[in-house]
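These notes are about the structure you will find just below.
Each reported figure results from applying straightforward, stated rules to the coordinates on display, with no laboratory input. Nothing here was measured: the structure is a model prediction, and the numbers come from that model. Every residue, glycine among them, receives a Cβ derived from its backbone with ideal geometry; neighbour counts consider all protein chains shown.
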Amino acid sequence: MPYSYKDGILHVDEVPLEDIASRFGTPVFVYSWSDIKTIYERMQSRLQDARGQIYYAVKANSNLSVIHRLAELGAGFDIVSGGELERVLMAGGAPEKTLFSGVGKTQAEISLAIKLGIKAFSVESESELQRIQSVAKNLAIRANLVLRVNPDIPIESHPYITTGLKENKFGMPLKQVERLYQEFGSDPWLNICGLSSHLGSQISSVEPYLIALENLLQLKARLSSKGFAVEMLDLGGGFGITYSEETPFEFGSFIERAFKLLKDEDIEIGIEPGRSLVAESGTLLTRVEYLKPAVEKDYKNFVVVDAAMNDLIRPPLYSAYHQIDPVVQQASQDEAREWDVVGPVCETGDFLGKGRRLCLEEGSLLAIRDAGAYAFTMSSNYNSRMRCPEVLVEGNQISLIRERESFQDLVQNERIV
Ligand code: LLP
């Protein structure tokens, strides 16, 4: 575990969080590289027997250092925009290990990705397939792609982060994929090499994945019988973590069960984990500005901290729970009360946690946990707040991997006319 109390002080690896706060100020994101590396290596070792490759979903945490270090470990990348593609390149990731997903790929993005020779586009619609075909033809470079199936399989997660249902904009029905594979399978400018599916995010149960895999294998069999090769199956990401009470499935047992279904197949397997690789490594470290305890009946106790919804939007957006720990361990719970932890942004939706039992004073440091994924990458400048710095820790080594934004950063692209 990357976070633990030593002598009553919360540490990340060997570093007291107090040291990070005093050196870089608050609010600040902290990540444990040791944790990301351990999880990555554990996953990769499970995939080793098969032709399995991890394509890290860059959207979860796209800091250049995180991408760079994962690339050094051999990771491929799942990207969803030209910006993410540029990040992967800049950080030393390999285009030939990069998958490009997303329903709205622009002509320019497609063109850049083809020129760079990416591993494959994960194609989400017939129109997109036609566009890729025409860009490839104009460039006279063959494009690699997999077709994304929307298998209509329910998962238990927040409705905003399910992707594999009929009502979701992602992928295509099995029948359509089957038709397109055949129609475009012999196109000289398209190398259709496989199938993909991604069911959603923060999934705790393994069953939906196995059902999706069975669907893909049946489709593969039908296509093979007609002479179309399916060389790769991309099973997507979405592996859940424990924010509160969730008990996610064990990655190893998922792979074991999946490989049982795959035992007679000579096929490459891709997975696209984002959250499960980076979430628990991260903390949003924040300091208490004001205590605003209830002074009359039915009012609530508020603690106003210096982080806000612009830094971590998951609680208001998805009703997400993030554990909030005091950095200085509390000896007794006698003084504790239930606080709503809120930020300075002028919105009622600006909360980080509600009803948290804590013993607090002004200046106390709090660690908002599991903030390594979909936290900084979803942050904004709302209320003209500067985005946080990011700090990477490994053992006792501390590196600033993104500086705190300045007011100049905030306004540099604006003009007064
Ligand atoms: N592959 C594709 C095609 C995806 O769309 C995603 C995530 C992933 C892989 C990685 O999923 P993961 O392993 O991280 O669950 N902002 C939301 C999560 C949105 C996920 C979007 N797609 C949150 O904060 O919970």
As an exercise, take the mean of 1/r over every pair of distinct alpha carbons in segment 24-131, invert it, and state the Kirkwood radius in angstroms.
14.9 Å
Could you compute the FRET efficiency for residue 405 and residue 176, with r as their C-beta to C-beta distance and R0 at 45 Å, rounded to 0.05?
0.55
If the limit is 21 Å between Cα atoms, which of 115/220; 175/220; 59/169 go over it?
115/220
From the backbone phi of segment 87-93, what are the Karplus-calculated ³J(HN,Hα) couplings (6.51 cos²θ - 1.76 cosθ + 1.60, θ = phi - 60°) in whole Hz, Gly and Pro given as x?
4, 4, 4, 4, 8, x, x
Under 5 Å, built H, 5+ apart or other chain: amide partners of residue 191:
143, 144, 145
Measure out, as a whole number of angstrom, how far apart the alpha-carbon centroids of segment 190-209 and segment 47-99 sit.
18 Å
From phi via Karplus (6.51, -1.76, 1.60), per-residue ³J(HN,Hα) for segment 74-86 in Hz, x at Gly/Pro
x, 5, x, 9, 9, 10, 9, 7, x, x, 5, 4, 4
Pick from 226, 354, 59 the residue whose mean-square fluctuation is largest in a GNM of the chain, springs joining Cα atoms under 10 Å.
226
Could you give each residue of segment 17-24 its phi-based ³J(HN,Hα) in whole Hz, using Karplus coefficients 6.51, -1.76, 1.60 with θ = phi - 60°, and x for Gly or Pro?
4, 4, 5, 5, 4, 6, 7, 10
Once amide hydrogens are built 1.01 Å from N within the peptide plane, the residues lying 5 or more places from residue 122 or on another chain with amide H under 5 Å from its amide H are 100, 101, 146
Residue-averaged [θ]222 nm for the chain, counting only DSSP H segments that reach four residues, each worth -39500 (n - 2.57)
-8500 deg cm²/dmol
Can you list the residues, at least 5 places off or on another chain, whose amide H is less than 5 Å from the amide H of residue 12, using H built in the peptide plane?
17
When 162, 377 are arranged by how many other beta-carbons sit within 10 Å of their Cβ, fewest first, they go 377, 162
Considering the chain as a Gaussian network with a 10 Å cut-off on Cα pairs, which listed residue, 209, 160, 40, attains the greatest mean-square fluctuation?
160
Give the shape of segment 72-189 as rounded, prolate or oblate, defined through the alpha-carbon gyration tensor: a ≥ b ≥ c are the square roots of its eigenvalues, a/c under 1.5 means rounded, and otherwise the shape is prolate if a/b is larger than b/c and oblate if not.
oblate
Selection of GluC sites (Glu not before Pro), segment 1-92, meeting DSSP coil and at most 14 other Cβ within 10 Å
14
